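Visitor: I am attaching a structure below and will ask some questions about it afterwards.
Just so you know, all these numbers are worked out from the coordinates, no wet-lab data involved. Bear in mind that the values here come from a model prediction, so they are computed numbers and not experimental data. Every residue, glycine among them, receives a Cβ derived from its backbone with ideal geometry; neighbour counts consider all protein chains shown.
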Amino acid sequence: MYKRILLKLSGEALSNHDEIFVREVLDDLSSQIKTIVDSGVEVAIVVGGGNFVRGRMAEDLGIDRIQVDYMGMLGTVINALAIQGALERNGVETRVQTAIDMTKVAEPFIPRRAIRHMEKGRVVVFGAGTGSAFFSTDTTAALRASEIKADVILMAKNGVDGVYDADPNVVKTATKFDSLTYMDLLQKGLEVMDSTATSMCMDNDIDLIVFNMNEKNNIIKAVKGEAEATRISKGGN
Ligand code: UDP
């Protein structure tokens, strides 16, 4: 059982084809987080913004990449506020901290303050990514996990329970890895997260658990090390 975790959620995890937010998903997420916090584990969350917009859509939109990246970062703040609202409805004390200052809606990101909140049993949700264009919220997760000294990043995937040698939805014979090193990810070109995020996790020696968020109670199971998953670490010495 970990003491302090950082949960990485994609924006799409909160939505479906028709709705930006699905109430059942927010309810399930917050009730699992409540169970985890009540068991004494400290929780931080980094949420993506893919349910709104992603930087790679810049060309199709005909809008400058940096502009679209800021749009994406603002999308993550909307998601962070949705998660905060859902957690508070479930009786979990929460703070949102953003990398772009917007002090009317959230605290600015201050690592020591984030740690203090978690020590008091509050969940801290990080919004606005790193605050800089050309990064992803996976890199944000690696960065924030290092800054708040998290024991592990739990990377929630939708519909896939770990890292495979081929896309399991396409290749029937695809096999899942139980464990990998970050060097394996880079050398084999496995698409778990972008290379900036992978390098940062490797350099800062952060463990990563890739698991399927769509299985019942799987966030709780991942915290306990009981979920079907792939574990990625620095390896070696
Ligand atoms: N983004 C950014 N800098 C960051 C984090 C995010 O510019 O530090 C932008 C980027 O355009 C990205 C979008 O915000 O595509 C949404 O984040 P991401 O794609 O990581 O979301 P997810 O796929 O996890 O929902």
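Visitor: Which whole-number percent gives the relative contact order of the stretch 176-237, counting Cα pairs below 8 Å spaced six or more residues apart?
Guide: Rounded, it is 45 percent for the stretch 176-237.
Visitor: With +1 on each Lys and Arg Cβ and -1 on each Asp and Glu Cβ, how big is the dipole of the stretch 1-123 about its Cα centre, in debye rounded to the nearest 20?
Guide: 660
Visitor: Quick one: net charge around V105, please, counting Lys, Arg +1 and Asp, Glu -1 for every other residue with C-beta under 15 Å from its C-beta.
Guide: Spelling it out: positives minus negatives among the neighbours equals -1.
Visitor: Residue by residue through the stretch 120-136, which ³J(HN,Hα) values in whole Hz follow from phi under the Karplus form 6.51 cos²θ - 1.76 cosθ + 1.60 (θ = phi - 60°), with glycine and proline marked x?
Guide: My calculation for the stretch 120-136 gives 8, x, 8, 8, 9, 10, 9, x, 6, x, 7, x, 10, 5, 6, 10, 10 Hz in order.
Visitor: So how far, in whole Å, is the C-alpha centre of the stretch 64-82 from the one of the stretch 163-237?
Guide: Cα centres, the stretch 64-82 to the stretch 163-237: 26 Å.
Visitor: What is the magnitude of the charge dipole of the chain about its Cα centre, with +1 placed on the Cβ of each Lys and Arg, -1 on the Cβ of each Asp and Glu, and no other charges, expressed in debye to the nearest 20?
Guide: That gives the chain a dipole magnitude of about 720 debye.
Visitor: What order, most packed first, do the peptides 109-115, 82-88 have when packing is the mean number of other Cβ atoms within 10 Å of each residue?
Guide: The most tightly packed comes first, giving 82-88, 109-115.
Visitor: Going by a ≥ b ≥ c, the root eigenvalues of the Cα gyration tensor, does the chain fall in the rounded group (a/c under 1.5), the prolate group (a/b larger than b/c) or the oblate group?
Guide: Rounded is the answer for the chain, as its axis ratio a/c remains below 1.5.
Visitor: Tell me the relative contact order for the chain as a rounded percent, counting alpha carbon contacts under 8 Å between residues six or more apart.
Guide: That works out to 21 percent.
Visitor: Hydropathy at least -0.5 by Kyte-Doolittle, axial extent at least 27 angstrom from the Cα trace: which helices of the chain, defined as entire DSSP H runs, fit?
Guide: Sorted by number, the helices that extend far enough and score high enough are 65-89.
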